[in-house]
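Report on the structure given below.
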Amino acid sequence: QVQLVESGGGLVQAGDSLRLSCAASGRTFNIYVMGWFRQAPGKEREFVAAISWGGGYTNYADSVKDRFTISRGSAKNTTYLQMNSLKPEDTALYYCAAVRSSAVPTTKGAYDYWGQGTQVTVSS
């Protein structure tokens, strides 16, 4: 199995920045793609960003493009989400996800492994 642990969430004001981290452990050879999803109260879990194994290919939701940046650590079993110009509508529980895939999927059903989530709250 693969375990994913997120960190870095918190309470910030609109316009601030946060950096989320996700560390994978266990059978990490099963991981090719790592991604971030988020879920606000009363809403579906939605795709935020994902990155390929080598880091050369990324996907972003339109709502975060040009504000968020996903990256991969040198050890490949970590991923980061740099979030700039945060808005109140970015408030959600942010989940790290991973899957052994040659593509970089944007649907939650495509991912096999999930973390417990880290809360991001943006005040206006």
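Which value, in Å², gives the accessible area per residue of the chain when a 1.4 Å probe is used on the protein heavy atoms?
On the way: 6180 Å² over 124 residues.
So the chain comes to 50 Å² accessible per residue, rounded to a whole number.
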Seminar exercise, completed: Here the net charge surrounding residue 120, from other residues whose Cβ is less than 15 Å away from its Cβ (Lys, Arg +1; Asp, Glu -1), is +1
For this session: Over all alpha-carbon pairs in the range 46-124, figure out the percentage whose distance exceeds 19 Å.
Result: 35 percent
Seminar exercise, completed: Between the residues 83, 1, 105, the Cα farthest towards the positive end of the dipole of the chain, that dipole coming from +1 and -1 charges on the beta-carbon of Lys, Arg, Asp and Glu, is from 1
Problem set entry | For the chain, with +1 on Lys and Arg beta carbons and -1 on Asp and Glu, the positive-most of 95, 14, 32 along the dipole | 32
Exercise. Scaled to the compact-protein estimate 2.2 N^0.38 Å, what is the alpha-carbon radius of gyration of the range 1-101, rounded to two decimal places?
Worked result: 1.03
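Name the GluC sites (Glu not before Pro) in the range 16-124 that are in a loop by DSSP and that have at most 13 other C-beta atoms within 10 Å, would you?
Details: sites: 44, 46, 89; in loops: 44.
In loop regions of the range 16-124 (DSSP not H, G, I, E or B), the sparsely surrounded GluC sites (Glu not before Pro) are 44.
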Seminar exercise, completed: Note, residue 98: beta-carbon cut-off 13 Å, +1 each Lys/Arg, -1 each Asp/Glu, net +3
Problem set entry | Proximal charge balance of residue 53 [Cβ under 11 Å; K/R count +1, D/E count -1] | +3
Seminar exercise, completed: Carbon/sulfur accessible area of the chain, % of total, 1.4 Å probe, equals 46 percent
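The values are calculated or read from the model by the stated rules, or taken from the named source; none is laboratory data. This structure is a prediction, so every number in the text was calculated from the model and none was measured. Note that we place each Cβ from the backbone using ideal geometry, even for glycine, and neighbour counts take in every protein chain shown. All accessible areas refer to the heavy atoms of the entire protein, side chains included, with ligands and DNA or RNA removed. Shrake-Rupley method; radii C 1.70, N 1.55, O 1.52, S 1.80 Å.
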